[in-house]
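*Asks:* The structure under discussion is supplied below as structure tokens; questions concerning it will follow.
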Amino acid sequence: MKIRQNVEFGTTIALWSQCSDRFLSQGYKKPTSFEEKIGLISKIKDIKGVDLYGDWDVNPKNIDSVKKTLADHNLKTFIVTADVASLPEFGKGSVTSPIKKSRELAWQKIVEAIDMADTLDCSMLNLWLGQDGYDYPFQTDYIWGWNRIFDTVEKAADYAAGKDIKIALEYKAREPRTHLFTASAASMLLVVNRVKKDNVGVLVDTGHAYIAGENIAESLAICTLADNKLFYVHLNDNYKLWDDDMMAGSVHPFELAEFLYWLEKVNYNGPLVLDMFPYREDPLGAATESIEFVKQIRNILEGLDESEIEEILRKQDSVLSMRMLRKHFFK
């Protein structure tokens, strides 16, 4: 099978953080500076770029030093995430908040992130509406909330287009709310279809797709069927109950293999970005092993007879697919 060569890997900065949770708010590791994190990241030769989260990693005051630090380590900025989820003002939502000042702040953060992406020579914005949802019955007006999302994405797309920046919409079923509006690939494609902007697409995070009950490979397929709206990919793993952000392929190796196969089939040409949270693991080891695992699967795929795979898919013969996996993955 022919696979894309020289694939670029990336990482979120959060992977290299203290990794705190509600039981250990100070984190499981010693705090490190941005420069120290980038120094560690640069030790992995396959990593060519990073995801930066607005406010957490980059802001208008430190952007020049961030840009210099990345340049000094030959790293690119793959994507900038708008901080519309981590401020107390967004406790009842960001763009769907019933509080006008909170909605205005959310728009300010989106514009700020687009401007920072432009300064960092980055062509992609991540819009994850992590606080926009609800927790109880009769808590929110669903139609009003969805219309606020449509309006905001359309306005953001117009602003970003002027800087030649794409918007990747990241979905997640839950957390920090019990229900997020943008919970699945299908819900994100609803947004894409409503706003009808060339620079708006979907970010598929494998862990988020798992907890949404999706088949991660099919998620790629439906984004492709919707006018090639697969814009970006995050890799991690979990037990399909919670967003555990474990090492890529550690729990579902065969699903990851099928996901990587379909990335080739749909001609995805973006980076493969690790979005993991190694609470108790060494981040350098966790990132390295995840990348090596992905590379090994891709090497196996390269050695497969594509016509054999296509025949199996046409026949829908799960016995043949099991035989193929056993033959090639357990030599």
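The values are calculated or read from the model by the stated rules, or taken from the named source; none is laboratory data. Because the structure is predicted, anything quoted here is derived from the model rather than measured. Here the Cβ positions follow ideal geometry from the backbone for every residue, glycine too, while neighbour counts run over all protein chains shown. All accessible areas refer to the heavy atoms of the entire protein, side chains included, with ligands and DNA or RNA removed. Shrake-Rupley method; radii C 1.70, N 1.55, O 1.52, S 1.80 Å.
*Asks:* At what distance in nm do the modelled label points of residue 24 and residue 329 sit from each other, each positioned 7 Å from its Cα along Cα→Cβ?
*Replies:* Spacing of the two 7 Å Cα→Cβ label points: 3.1 nm.
*Asks:* What number comes out for accessible area per residue over the chain if the probe is 1.4 Å? Units Å², please. Intermediate results must be reported in sequence, preceding the final value.
*Replies:* Numbers: 16050 Å² over 331 residues.
Per residue, the chain has an accessible area of 48 Å².
*Asks:* I would also like to ask the following. Which whole DSSP H helices in the chain pass both tests: a Cα extent of 20 Å or more along the axis and a mean Kyte-Doolittle value no lower than -1.0?
*Replies:* The qualifying helices are 100-119, 142-161, 283-302.
*Asks:* Below 16 Å, Cα to Cα, which lysines can residue 68 reach? Residues fewer than 8 away in the same chain don't count.
*Replies:* Of all the lysines, those that pass the test against residue 68 - Cα under 16 Å, at least 8 places apart if same chain - are 37, 48, 76.
*Asks:* Averaging sequence separations of C-alpha pairs under 8 Å and six or more residues apart, then dividing by the length of region 110-203, give the relative contact order as a whole percent.
*Replies:* It comes to 35 percent, rounded to a whole number.
*Asks:* Something else now. What fraction, in whole percent, of alpha-carbon pairs in the chain exceed 25 Å separation? Don't skip to the end; give the middle numbers.
*Replies:* Working: 28060 of 54615 pairs.
Here the tail beyond 25 Å accounts for 51 percent of pairs.
*Asks:* Taking the convex hull of the alpha carbon atoms in region 265-331, what volume per residue do you get, in Å³?
*Replies:* Value for region 265-331: 135 Å³ per residue.
*Asks:* Roughly how far apart, in whole Å, are the Cα centres of region 279-331 and region 154-206?
*Replies:* 29 Å
*Asks:* Find the lysine pairs in region 116-263 meeting two conditions, Cα atoms under 19 Å apart and a separation of 8 or more places or different chains, and report how many there are.
*Replies:* 14
*Asks:* Another one. Quick check: at a probe of 1.4 Å, how many percent of the accessible area of region 237-331 sits on carbon and sulfur atoms?
*Replies:* Details: 2790 of 5300 Å².
Taking all protein chains in place, region 237-331 shows 53 percent carbon and sulfur surface.
*Asks:* I've got another one for you. Between 315, 155, 265, where does the largest GNM mean-square fluctuation fall for the chain, given springs only between Cα atoms within less than 10 Å?
*Replies:* 315
*Asks:* Additional query: Regarding region 62-173, what's the average projected area of the Cα-atom convex hull, expressed in nm²?
*Replies:* Over every viewing direction, the Cα hull of region 62-173 projects on average to 7.5 nm².
*Asks:* Suppose a student asked you for the relative contact order of region 172-331, using Cα pairs under 8 Å spaced at least 6 residues apart; what percent would you report?
*Replies:* Once normalised by length, the contact order is 17 percent.
*Asks:* So what's the gap between the Cα centers of region 241-258 and region 7-45, to the nearest angstrom?
*Replies:* 20 Å
*Asks:* Could you tell me the extents of region 204-331's C-alpha atoms along the three principal axes, largest first, rounded to whole Å?
*Replies:* 43, 39, 27
*Asks:* Can you tell me which of 46-56, 77-87 comes out highest on packing, and rank the rest after it, using the mean Cβ neighbours within 10 Å? Mind showing how you got there, number by number?
*Replies:* On the way: 46-56: 20.7, 77-87: 24.1.
With the highest mean Cβ count within 10 Å placed first, the list reads 77-87, 46-56.
*Asks:* Karplus couplings for region 75-83 from phi (6.51 cos²θ - 1.76 cosθ + 1.60, θ = phi - 60°), rounded to Hz, Gly and Pro as x?
*Replies:* These are the phi-based 3J(HN,Hα) values: 10, 9, 9, 7, 7, 10, 9, 6, 7 Hz.
*Asks:* Roughly speaking, what % of Cα-Cα pairs in region 48-123 are separated by over 16 Å, rounded to a whole number?
*Replies:* Result for the distance tail: 48 percent.
*Asks:* In whole percent, and with a 1.4 Å probe on the protein chains, what portion of the accessible area of region 1-145 is carbon and sulfur?
*Replies:* Answer for region 1-145 is 54 percent, counting heavy atoms of protein chains only.
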